[in-house]
Amino acid sequence: MSKHNELIKKSKKHLWLPFTQMKDYDKDPLIIESGTGVRVTDTEGKSYYDGFSSVWLNVHGHRKKELDEAIQEQLMKISHSTLLGMTNQPATELAERLSRITPDGMDRIFYSDSGAEAVEIALKMAYQYWKNIGVEGKNKFITMKNGYHGDTIGAVSVGAVEIFHRIFEPLMFDSFHVPFPYVYRHPSGDSEICKEECLLELKKTLEKHHNEIAALTMESMMQGAGGMVLMPPGFLSGVKALCVEYDVLLIIDEVATGFGRTGKMFACEHEEVVPDIMTVGKGITGGYLPIAATISTERIYEAFYDDYKNMKTLFHGHSYTGNQLGCAVALANLDLFEKENVVENVQTKANIVQSELESFYQLDHVGDIRQIGFMVGIELVLNKQTKEPFPFEERIGYEVSLKMRELGMLTRPVGDTLVFMPPLSSSQQELREMISIMREAIQIVTKIKGSHVTSLRENRCSRG
Ligand code: PLP
């Protein structure tokens with residue numbers, strides 16, 4: 001048996017993959033062996049564009065010399081020592097660097113290992129903040145419909161993606177859900193009307209319940225896993241203003257959008273919004289190692305700073321928090337951001353992506369294209385006039401993504417919305433090639449699926 005076949009056999013026998021129906025995996029297994037630049041290669045030697053940055057992480061491409069070297073250098077000193085009650089060199093330096101690049105006043109860095117943990121910590125911080133300053137009753141959170149903040153129970157409790165979260169409802173704590181401005185699906189189709197309506201709903205919830213609410217959690221500028229939905233201009237700043245008015249903390253989740261992804265270092269900069277607490281992860285290490293952080297203002301931090309006997313300590317921490325290898329590569333990542341003008345380049349290249357994608361509107365089943373920087377969602381619909389979606393069982397997003405894989409690019413859809421989030425280092429040529437693969441896959445699959453649904457319906461009518 002070849003090494004490849006042996007690995008496939010082992011993977012089918014022993015692995016249980018995240019967010020994966022293993023029956024799908026058994027049909028279409030894939031094992032990645034290596035990667036360079038914006039491409040990864042499987043165990044059969046087939047190479048693919050990493051069209052989703054290995055789940056929204058990768059910044060400078062794979063095997064980036066400077067990042068590889070930063071890990072090797074750190075490895076020669078120490079790989080890990082704890083952050084409980086002490087610190088280490090790269091974690092300390094990274095904290096100072098993060099406080100410099102995050103919005104003004106975001107100066108306190110609490111490390112963890114994943115975006116979901118960063119969110120858990122943010123929730124605990126916000127909840128305990130009010131207790132520590134002697135305000136009782138502010139025990140709940142507001143979240144946006146279709147918001148996604150990770151998969152731990154706290155993060156799920158402030159998430160609202162029906163398909164992922166419904167089953168866990170009995171385990172979740174209650175949160176207030178407010179509408180998110182999904183302009184394409186709003187009856188008016190008008191971004192201003194949609195935005196105002198959502199802000200009004202939020203205002204009503206705050207007016208009635210602000211005394212019970214510790215914080216509002218939301219993604220920054222674009223909802224990711226909930227459908228790649230871009231918020232209209234003025235929404236984020238409108239939410240911030242309402243949080244200030246009603247004395248509710250604002251937690252902005254930049255796990256997906258941070259580190260240049262949207263054409264700013266952090267997406268909240270698009271509206272000059274400074275949150276009380278911000279969560280970051282994914283791109284923080286350039287996509288190399290699992291580091292995340294919850295970043296707060298001094299106002300939050302000071303509420304926890306006291307004599308131990310007063311019991312204001314934040315009792316939370318993970319074994320690998322502040323891991324030296326991760327922090328060392330994160331520092332090298334930030335050096336590269338400066339040296340290679342990554343954020344400015346994303347802005348320029350995003351314009352190219354936008355103009356290349358413009359022609360997709362001519363395709364029969366492309367309903368909406370939503371883009372901010374290098375974060376793109378393409379919503380496929382059965383009928384462009386009525387915006388009727390494809391039937392759920394057709395799995396249109398999944399099927400198109402499988403076709404892209406066959407044609408040489410990896411990505412994962414969110415429902416019927418295709419996701420295009422290439423590494424920020426992708427060249428113009430590489431971006432054009434990736435977009436061309438997407439176009440071809442959409443054309444082939446939607447044509448087959450579109451006629452399949454039509455003929456099913458005709459058969460049903462003629463029988464009926
Ligand atoms: N928050 C947002 C906005 C995300 O998009 C994600 C993951 O996609 C998370 C949190 C969870 O991050 P992680 O998968 O690192 O736990």
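The values are calculated or read from the model by the stated rules, or taken from the named source; none is laboratory data. Quick caveat, the model's predicted, so the values are computed rather than measured. Every residue, glycine as well, gets a Cβ built from its backbone with ideal geometry; the counts of neighbours run over all protein chains shown.
Summary table below
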| item | result |
| --- | --- |
| Residues that are of a type outside the set (Asp, Glu) and either within 11 Å of the ligand (Cβ to nearest atom) or at pLDDT below 95 (or both), drawn from segment 237-253 | ILE251, ILE252 |
| Members of segment 358-397 found to be out of contact with any strand residue (DSSP E or B) (no Cβ under 7 Å at 6 or more places or on another chain), in contact (Cβ under 8 Å) with a residue 40 or more places away in the chain and either part of a helix (DSSP H, G or I) or among the acidic types (Asp, Glu) (or both), listed by number | SER359, ASP364, GLU394 |
| Hits in segment 122-141 (condition: within 26 Å of VAL178 (Cα to Cα) and more than 16 Å from the ligand (Cβ to nearest atom)) | TYR127, GLN128, TYR129, TRP130, LYS131, VAL135, GLU136, GLY137, LYS138, ASN139, LYS140 |
| Selected residue (only one of HIS210, HIS270 is more than 15 Å from the ligand (Cβ to nearest atom), part of a helix (DSSP H, G or I) and over 30 Å from HIS60 (Cα atoms)) | HIS210 |
| Among residues of segment 57-83, those that are among the aliphatic types (A, V, I, L, M) and under 28 Å from the mean Cα position of the chain (by Cα), counted | 6 |
| Considering residues of segment 299-340 that are β-branched (Val, Ile, Thr) and part of a helix (DSSP H, G or I) only, the residue nearest to ASP104 (Cα to Cα) | ILE300 |
| Qualifying helices (runs of 4 or more DSSP H) (wholly inside segment 28-121; at least 1 residues being away from the ligand (no atom under 16 Å from the Cβ) and at pLDDT 95 or above) | 65-75, 89-101 |
| Flag for MET231 being in contact with a strand residue (DSSP E or B) (Cβ under 8 Å, 6 or more places away or on another chain) and buried (at least 18 other Cβ atoms within 10 Å of the Cβ) | yes |
| Selection status of GLY397, outside the structural domain of GLU93 (by TED's automatic domain parsing), out of contact with any helix residue (DSSP H, G or I) (no Cβ under 6 Å at 6 or more places or on another chain) and surrounded by 21 or more Cβ atoms within 10 Å (Cβ to Cβ) | yes |
| When residues of segment 254-265 are limited to those that are farther than 18 Å from ARG370 by Cβ and in contact (Cβ under 8 Å) with a residue 60 or more places away in the chain, the one nearest to the ligand (Cβ to nearest atom) | VAL255 |
| Enumeration of residues in segment 215-230 that are away from the ligand (no atom under 13 Å from the Cβ) and either closer than 17 Å to ILE369 by Cβ or touching a Pro at 6+ places or on another chain (Cβ under 7 Å) (or both) | LEU230 |
| Near pairs, Cβ below 7 angstrom, 6+ apart or cross-chain, from segment 51-65 (touching a residue at least 40 places away in the same chain (Cβ under 8 Å) and within 16 Å of GLY281 (Cα to Cα)) to any residue that is part of a helix (DSSP H, G or I) and within 12 Å of the ligand (Cβ to nearest atom) | TRP56/LYS282; LEU57/LYS282; LEU57/GLY283; VAL59/GLY283 |
| Every residue from segment 168-204 that is surrounded by fewer than 16 Cβ atoms within 10 Å (Cβ to Cβ), under 23 Å from the mean Cα position of the chain (by Cα) and more than 18 Å from ALA155 (Cα to Cα) | ARG185 |
| Filtered residue count, segment 247-269, keeping only those that are over 25 Å from ASN139 (Cβ atoms) and in contact with a Gly (Cβ under 8 Å, 6 or more places away or on another chain) | 12 |
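To keep it simple, each residue is scored yes or no on (1) surrounded by 13 or more Cβ atoms within 10 Å (Cβ to Cβ); (2) basic (Lys, Arg); (3) under 23 Å from the mean Cα position of the chain (by Cα).
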position: LYS403; (1), (2), (3): yes, yes, no
position: ILE442; (1), (2), (3): yes, no, no
position: LYS449; (1), (2), (3): yes, yes, no
position: SER462; (1), (2), (3): no, no, no
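A quick yes/no check of all residues on (1) under 14 Å from the mean Cα position of the chain (by Cα); (2) crowded, with 22+ Cβ neighbours inside 10 Å; (3) over 18 Å from MET125 (Cβ atoms); (4) not charged (D, E, K, R):
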{"position": "MET218", "(1), (2), (3), (4)": "yes, yes, no, yes"}
{"position": "THR257", "(1), (2), (3), (4)": "yes, yes, yes, yes"}
{"position": "GLY260", "(1), (2), (3), (4)": "yes, yes, yes, yes"}
{"position": "SER296", "(1), (2), (3), (4)": "no, yes, no, yes"}
{"position": "MET311", "(1), (2), (3), (4)": "no, no, no, yes"}
{"position": "ASN323", "(1), (2), (3), (4)": "no, yes, yes, yes"}
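Results for (1) modelled with pLDDT under 95; (2) within 13 Å of the ligand (Cβ to nearest atom); (3) of a type in the set (D, E, K, R), shown as yes or no for each residue.
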residue: ALA155; (1), (2), (3): no, yes, no
residue: VAL161; (1), (2), (3): yes, yes, no
residue: PHE168; (1), (2), (3): yes, no, no
residue: HIS177; (1), (2), (3): no, no, no
residue: TYR182; (1), (2), (3): no, no, no
